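Structure first, then comments.
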Amino acid sequence: MKCKTCGEKAVVNMTQHKLALCKEHYLEWIPQQTARFIKKYWMFGPDEKILVAVSGGKDSLSLWDILQRLGYNADGMYIGLGIDGGIGYSDESHRLTEKFASERGLKLHVVDIQKEYGQSIPELAALTLRGQGRPCSVCGVTKRHEMNRIAHDLGYDVLATGHNLDDEAAVLFGNTLNWSREYLLRQKPVLPEHDGLARKVKPLCRFYEKEMTAYAMLRGIEYIYDECPFSVGSTSIYYKELLNQLENERPGAKLTFYLNFLDAREKGFFADDVVKVIPPLFNCPTCGQPTMYEGKCSFCRMVEKVKP
Ligand code: Q46
Ligand code: ZN
Ligand code: ZN
């Protein structure tokens with residue numbers, strides 16, 4: 001297989017794009033495509049202050065790397081969840097994130113949930129869920145709250161996350177199975193700023209997971225290979241496996257599924273009852289962040305509940 005650009009030996013063959021590239025041209029292609037998506041979806045401009053949520057995984061570290069290469073003003077934020085799972089998951093992901101930032105002289109903000117709120121994520125989950133289910137709901141609410149808080153308090157315009165196509169297609173698949181129109185309407189590459197909260201963007205949403213793995217490896221980025229121990233057996237991993245089976249039979253199916261959804265919404269597929277479907281948001285009286293229901297947001301209610 002030869003590189004489409006220079007004819008040298010290709011190291012990446014993307015059947016879904018009918019494109020094979022050598023290392024040098026693949027490492028150019030990814031940032032070029034990212035720049036195209038940033039522009040296409042109006043994610044941010046060259047002078048905006050960007051905060052990248054970094055977990056120590058390949059996607060978020062690659063995103064930070066790409067934004068730096070494209071010349072954006074992007075700092076990082078790491079949230080210490082206090083998850084061990086027998087592999088020292090949080091400690092190791094924190095170490096790799098710090099290493100990435102210091103080797104490149106980048107600014108990294110670190111929030112440790114245990115220091116901030118007195119409990120780690122597994123402890124918060126044990127107290128609120130009383131042993132029922134995995135801690136992901138507690139973790140999701142907490143991460144979202146802390147990302148919004150830090151971006152707002154430190155004056156960032158944009159909050160960027162490393163969600164890739166496999167993540168987005170799995171979420172879309174779940175929302176479609178349930179016909180959760182409210183969630184379908186909110187699933188976008190860009191969520192506009194709201195009431196002082198930063199705009200949220202997903203610049204990698206059109207890249208396959210395997211494309212991001214190839215990028216991280218070819219760039220020599222050291223990232224945590226292990227997934228969070230609590231992700232084992234989750235619905236989203238099950239959906240990803242189903243979509244991978246489909247993709248194996250029909251290369252490009254995942255991308256078509258996602259892009260046609262974006263296109264359909266753009267063309268007003270859901271427009272008839274948008275007003276009825278998207279309920280107005282309220283502001284939490286404690287932290288000021290938007291919430292779906294009147295009164296305190298779920299994060300503030302949770303923190304209050306576990307206070308000694
Ligand atoms: S939600 Fe659940 Fe993730 Fe939090 S507890 Fe781990 S798997 S990290 S994306
Ligand atoms: Zn080449
Ligand atoms: Zn709140």
ask   = Which of the residues spanning segment 42-56 are open to solvent by 50 Å² or more (accessible area, probe 1.4 Å) and either outside any strand (DSSP E or B) or out of contact with any strand residue (DSSP E or B) (no Cβ under 9 Å at 6 or more places or on another chain) (or both)?
value = TRP42, PRO46, ASP47, SER55
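Working carefully through the options LEU255, LEU259, LEU243, find the one that is out of contact with any Lys or Arg (no Cβ under 6 Å at 6 or more places or on another chain) and open to solvent by less than 30 Å² (accessible area, probe 1.4 Å).
Going through LEU255, LEU259, LEU243 in turn, the sole match is LEU255.
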Helices (runs of 4 or more DSSP H) completely within segment 68-135 that count 3 or more residues being closer than 29 Å to ARG219 by Cα and of a type in the set (Ser, Thr, Tyr) = 89-104
message = Residues to consider are LEU27, LEU61, LEU21; find the one that is touching a helix residue (DSSP H, G or I) at 6+ places or on another chain (Cβ under 7 Å) and without any contact (Cβ under 8 Å) to a residue 40 or more places away in the chain.
response = LEU21
inquiry  = Just checking, does segment 170-178 include any residue being open to solvent by 40 Å² or more (accessible area, probe 1.4 Å) and more than 17 Å from the chain's Cα centre (by Cα)?
reply    = yes
query = Residues LYS240, LYS254: which one is modelled with pLDDT of 95 or more, within 16 Å of ligand 1 (Cβ to nearest atom) and closer than 19 Å to ASN175 by Cβ?
reply = LYS240
task = Could you look through segment 117-140, keep only residues that are open to solvent by 60 Å² or more (accessible area, probe 1.4 Å), touching a residue at least 24 places away in the same chain (Cβ under 8 Å) and not hydrophobic (A, V, I, L, M, F, W, C), and pick out the one that is nearest to ARG301 (Cα to Cα)?
result = TYR117
ask   = Taking LEU185 and the conditions (1) assigned to a strand (DSSP E or B); (2) more than 25 Å from ASP65 (Cβ to Cβ), which numbered condition does it fall short on, given that it satisfies the others?
value = (1)
query = Any idea which residue in segment 210-235 is nearest to ligand 3 (Cβ to nearest atom), counting only those that are of a type in the set (Ser, Thr, Tyr) and either farther than 24 Å from SER90 by Cα or surrounded by 15 or more Cβ atoms within 10 Å (Cβ to Cβ) (or both)?
reply = SER234
inquiry  = Tell me whether segment 224-241 contains one or more residues that are acidic (Asp, Glu), under 20 Å from GLY56 (Cα atoms) and not in a helix (DSSP H, G or I).
reply    = yes
inquiry  = I need the full set of residues from segment 13-32 which are near ligand 2 (Cβ under 10 Å from one of its atoms) and not in a helix (DSSP H, G or I), in order please.
reply    = ALA20, LEU21, CYS22
inquiry  = Quick check on my filter: what residues within segment 129-139 are away from ligand 3 (no atom under 15 Å from the Cβ), modelled with pLDDT of 85 or more and not polar (S, T, N, Q)?
reply    = PRO135, CYS136, CYS139
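The values are calculated or read from the model by the stated rules, or taken from the named source; none is laboratory data. Keep in mind the model is a prediction, meaning the values are calculated, not measured. Cβ: placed from backbone, ideal geometry, glycine included. Neighbour counts: every protein chain shown. Quick note on the areas: whole protein, heavy atoms, side chains included, nothing else; ligands and nucleic acids left out. Shrake-Rupley method; radii C 1.70, N 1.55, O 1.52, S 1.80 Å.
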